[in-house]
Amino acid sequence: MPWEVGHVWLVGDKPPTPSQVKRAGDRIRRAVERGEAPTAADLRLLDVYRAWHSPIHYQLQLRVGSAIADAGESFDMAGVTVVGRPLKTPEAIIAKLVRERGRLNRIQDIAGARIVVPNLEAQEAVLRVVLDEFLDGEATIVKDARAEGDELGYRGVHVVVLIEGRYAEIQIRTGLQGLWAQIVERLDEDQGTDLKHGSGPEATLKWLKEFSQRLTSVEYGDKADVRTMLETALAIFLVRPKDTDE
Amino acid sequence: MSNFLVFYSRKRQEAPRVERVDDSDEAVRRLLDAERKLAGDPLHGVVLLVAEDEADLRRTHSHYFSSVEELVRQAAG
């Protein structure tokens with residue numbers, strides 16, 4: 001039975017085969033690397049492949065929400081928020097193909113969910129709940145940058161699960177970890193940079209790393225650092241970093 | 001759970017617009033249609049998010065709704 005998703009038709013409920021997806025992803029990547037537009041047929045296949053992930057996203061979100069609610073008896077769930085993103089944008093997928101020279105059929109975060117928790121203890125508890133819930137789904141921690149942060153300053157923990165042959169990524173962040181990431185996203189939109197992936201003014205990247213370290217200190221209980229953190233943030237972000245670089 | 005289409009302006013010329021869509025398939029259809037209409041527009045974007053309510057979106061995806069200054073001030077309480 002054909003079904004329609006927007007302008008896309010997917011016949012017989014069958015997704016494109018892994019080799020079709022891989023080849024389309026390779027063609028899209030090569031086109032972009034040559035400075036050309038991908039073909040309409042390849043973009044259409046990308047849409048079909050993205051749309052194929054949406055049903056498992058809803059299953060993912062229901063299971064995560066229920067598991068966390070059930071676990072609420074063992075730890076305080078106040079302040080835990082779950083929001084899903086069924087389909088990664090085509091721009092983000094194509095950028096990832098080019099940046100990582102990866103395969104479209106191996107991208108694991110086309111469907112995803114983000115969980116924001118109030119503190120590090122809740123983060124660990126929610127991580128355990130997620131791993132337990134998806135024991136049957138090859139749950140794998142693919143990134144754990146809670147304590148030290150990654151090379152850019154990002155902090156959080158990411159789990160990839162496999163549901164009905166489709167990957168989905170669950171990001172678990174504390175409020176402060178999320179604040180840092182949201183600021184980076186906002187700066188990238190405002191300034192046309194890609195700080196999220198390490199591309200932008202050196203001074204801004206350095207400030208972001210320092211800001212992340214301040215947030216980490218606060219999160220690990222350095223009450224005296226709260227004031228410093230806020231002063232740092234205001235100094236960095238209220239004086240436009242781009243201007244300071246000039 | 002509800003579906004929310006968030007139409008946003010990359011340079012913040014306009015406030016983001018949030019459309020709630022109850023049916024999941026319809027939300028995906030409308031997302032793909034909106035993406036097609038916005039293709040090639042460097043200043044505007046659309047994203048589909050699923051949450052209990054709009055307040056949750058504003059917590060987990062605050063960069064669509066707030067400036068850097070507002071994000072920092074929110075953190076400062």
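Numbers below:
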{"read-out": "Count - residues of the stretch A:24-43 that are in a helix (DSSP H, G or I) and touching a helix residue (DSSP H, G or I) at 6+ places or on another chain (Cβ under 9 Å)", "value": "12"}
{"read-out": "Extreme residue, surrounded by the fewest Cβ atoms within 10 Å (Cβ to Cβ), among residues of the stretch A:193-209 that are within 14 Å of another protein chain (Cβ to nearest Cβ) and not in a helix (DSSP H, G or I)", "value": "A:D194"}
{"read-out": "Leading residue by the ranking (nearest to A:E121 (Cα to Cα)) among those in the stretch A:63-105 that are part of a loop (DSSP other than H, G, I, E, B) and of a type in the set (A, V, I, L, M, F, W, C)", "value": "A:F75"}
{"read-out": "Filtered residues of the stretch B:18-28 (kept if more than 10 Å from chain A (Cβ to nearest Cβ) and either basic (K, R) or surrounded by 19 or more Cβ atoms within 10 Å (Cβ to Cβ) (or both))", "value": "B:R20"}
{"read-out": "Test set (1) at pLDDT 95 or above; (2) polar (S, T, N, Q); (3) under 15 Å from A:A95 (Cβ atoms) - A:Q171 fails condition number", "value": "(3)"}
{"read-out": "Pick from the stretch A:214-233, criterion buried (at least 17 other Cβ atoms within 10 Å of the Cβ) and either within 14 Å of A:N119 (Cβ to Cβ) or not aliphatic (A, V, I, L, M) (or both), ranking: modelled with the highest pLDDT", "value": "A:T216"}
{"read-out": "Tally, over the stretch B:53-77, of residues that are over 11 Å from the mean Cα position of the chain (by Cα), within 22 Å of A:P55 (Cα to Cα) and more than 8 Å from every other protein chain (Cβ to nearest Cβ)", "value": "1"}
{"read-out": "Failed condition for B:F7, given (1) surrounded by 12 or more Cβ atoms within 10 Å (Cβ to Cβ); (2) facing chain A (nearest Cβ under 10 Å)", "value": "(2)"}
{"read-out": "Failed criterion for A:H57 (all others in (1) within 25 Å of B:A27 (Cα to Cα); (2) surrounded by fewer than 15 Cβ atoms within 10 Å (Cβ to Cβ); (3) within 14 Å of another protein chain (Cβ to nearest Cβ) hold)", "value": "(2)"}
{"read-out": "Some residue of the stretch B:25-36 being under 16 Å from A:I183 (Cβ atoms) and without any contact (Cβ under 8 Å) to a residue 12 or more places away in the chain", "value": "no"}
{"read-out": "Output for the stretch A:147-170, where each listed residue is within 13 Å of the chain's Cα centre (by Cα) and either assigned by TED's automatic domain parsing to the domain that holds A:L215 or at positive phi (or both)", "value": "A:G156"}
{"read-out": "Residue identified as in the same structural domain as A:V160 (by TED's automatic domain parsing), closer than 19 Å to A:L131 by Cβ, surrounded by fewer than 23 Cβ atoms within 10 Å (Cβ to Cβ) and β-branched (V, I, T) among A:V98, A:V80", "value": "A:V80"}
{"read-out": "Residue match in the stretch A:86-102 (condition: within 24 Å of A:R23 (Cα to Cα), among the small types (G, A, S) and within 12 Å of chain B (Cβ to nearest Cβ))", "value": "yes"}
{"read-out": "Residue ID - surrounded by the most Cβ atoms within 10 Å (Cβ to Cβ), chosen from residues in the stretch B:29-51 that are more than 8 Å from chain A (Cβ to nearest Cβ) and in contact with a Ser or Thr (Cβ under 8 Å, 6 or more places away or on another chain)", "value": "B:H44"}
{"read-out": "Subset of the stretch A:166-216 (residues that are among the hydroxyl-bearing types (S, T, Y), under 26 Å from A:L104 (Cβ atoms) and in contact with a strand residue (DSSP E or B) (Cβ under 8 Å, 6 or more places away or on another chain))", "value": "A:Y167, A:T193"}
{"read-out": "Number of the condition not met by A:I68 [criteria: (1) without any contact (Cβ under 8 Å) to a residue 12 or more places away in the chain; (2) among the β-branched types (V, I, T); (3) farther than 30 Å from A:R29 by Cα]", "value": "(1)"}
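The values are calculated or read from the model by the stated rules, or taken from the named source; none is laboratory data. From a predicted model like this one, the values you see are computed outputs, not experimental measurements. No Cβ is skipped: glycine too gets one built from the backbone with ideal geometry, and neighbour counts run over all protein chains shown.
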